[in-house]
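Reviewing the structure listed below.
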Amino acid sequence: MATHIFVNLPVTDLDRAKAFYESLGTTIVPEFTDENAACVKWDENVFFMVLKKEYFATFTSKSVVLGSEGAQVITALSRDSREDVDAIRAKILEAGGSENKDPQDYGFMYSVSMADPDGNIIEFLWMDPVAAEKGPEAFFAEQGA
């Protein structure tokens, strides 16, 4: 059985969150969506559960911090190419998200750090296949650096 990842994110406006994530190409899973939460499917193994802040609070005795108030988690998702990273960055900005920090280019890896409308940080990255398999040093050795 494959491992599935469910990232739970508190939001202030569930409809806005659903519209934002759908505009990025995700699918809302209706069987796990109601007036308090929505299941956002990235692919067969990765899901975000966007939960109204009050509902999110029922899962913990700790205080709930919205992404706009501070950072607790940075979720990073890989893409197939640098162009795919740039494309998702553009979609996020168009859909009302923002940049968390400037894009980072390390040669073997390229990433963008973005935020959804509630300030939850989502990063998207591409890594050269050689670096992903053997580490950055193998990438630079292959480049003659």
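Bear in mind these aren't lab numbers, they're just calculated from the coordinates by the rules spelled out. This is a predicted model, so every value here is computed, not measured. We place every Cβ from the backbone using ideal geometry, glycine too, and count neighbours over all the protein chains shown.
Extension gain I28-A138, at 0.36 nm per residue separation less the Cα-Cα distance, in nm?
Taking I28 through A138 to full extension adds about 35.7 nm, to one decimal.
Considering the convex hull of the alpha carbon atoms of the range 72-145, report its projected area averaged over all viewing directions, in nm², one decimal.
5.2
Which of A76, A38, A132 ends up with the largest GNM mean-square fluctuation for the chain, with Cα atoms connected below 10 Å?
Among A76, A38, A132, the largest mean-square fluctuation in the Gaussian network model of the chain belongs to A132.
How large is log10 I(q)/I(0) at q = 0.21, 0.23, 0.25, 0.29 Å⁻¹ when the Debye formula is applied to the Cα atoms of the range 1-60, each weighted equally and without solvent?
Cα-only, vacuum Debye calculation for the range 1-60: -0.76, -0.89, -1.02, -1.26.
Between the helical axis of 14-23 and the dominant principal axis of the chain, each derived from Cα atoms, what acute angle in degrees is found, rounded to the nearest 10?
With both axes taken from Cα atoms, the answer is about 30 degrees.
Over the range 72-145, what is the mean sequence separation of C-alpha contacts under 8 Å (at least six apart), divided by residue count, expressed as relative contact order in percent? Walk me through the numbers before you get to the answer.
Values: 113 pairs, mean separation 23.7, N = 74.
Relative contact order, the range 72-145: 32 percent.
Rank-order 23-29, 7-13, 117-123 by packing density, defined as the average count of other C-beta atoms within 10 Å over each peptide's residues, highest first.
Values: 23-29: 14.9, 7-13: 19.0, 117-123: 20.6.
So the peptides 23-29, 7-13, 117-123, ranked by packing, come out 117-123, 7-13, 23-29.
Mind checking the range 40-80 for GluC sites (Glu not before Pro) that DSSP puts in a loop (not H, G, I, E or B) and that have at most 12 other Cβ atoms within 10 Å?
Sparse-neighbourhood loop GluC sites (Glu not before Pro): E44, E69.
Let me confirm the definition first: pairs of Lys residues in the chain, 8 or more apart or on different chains, C-alpha distance under 28 Å. How many are there?
So the count works out to 20.
Using only alpha carbon pairs under 8 Å that are at least six residues apart, calculate the relative contact order of the chain and give it in whole percent.
Normalised by residue count, the contact order of the chain is 21 percent.
In whole Å, what three semi-axes, largest first, describe the equivalent ellipsoid of the chain built from its Cα gyration tensor (square root of 5 times each eigenvalue)? Before the final figure, lay out each step's value.
Numbers: eigenvalues 184, 51, 44 Å².
Values for the chain, descending: 30, 16, 15 Å.
Only bridges whose two residues both fall in the range 32-145 count here: according to DSSP, what percent of them are antiparallel, nearest 5? List each step's numbers first, then the result.
Working: 17 of 22 bridges.
The antiparallel fraction comes to roughly 75 percent.
What is the extension gain from K101 to T3, computed as 0.36 nm multiplied by their sequence separation minus the C-alpha to C-alpha distance, in nm to one decimal? List each step's numbers first, then the result.
Details: separation 98, 0.36 × 98 = 35.28 nm, distance 3.02 nm.
Here the segment from K101 to T3 would lengthen by 32.3 nm.
Subtract the Cα-Cα distance of L93 and R16 from 0.36 nm times their separation in residues, and report this length gain in nm to one decimal.
26.3 nm
Can you tell me, using C-alpha contacts under 8 Å and at least 6 residues apart, the relative contact order of the range 1-60 as a whole percent?
Numbers: 97 pairs, mean separation 24.7, N = 60.
Once divided by the residue count of the range 1-60, the mean separation gives 41 percent.
Could you work out which residue, out of K101, K53, K18, moves most in a Gaussian network model of the chain, that is, has the largest mean-square fluctuation with Cα springs under 10 Å?
Judging by the Gaussian network model, the answer is K101.
What angle, in degrees between 0 and 90 and rounded to the nearest 10, separates the Cα long axis of helix 82-94 from the longest principal axis of the Cα atoms of the chain?
30
May I ask you to list the residues of the range 105-134 whose amide nitrogen lies under 16 Å from a point 7 Å from Cα along the Cα→beta-carbon direction of A76?
Flagged as within label range: 105-115, 121-134.
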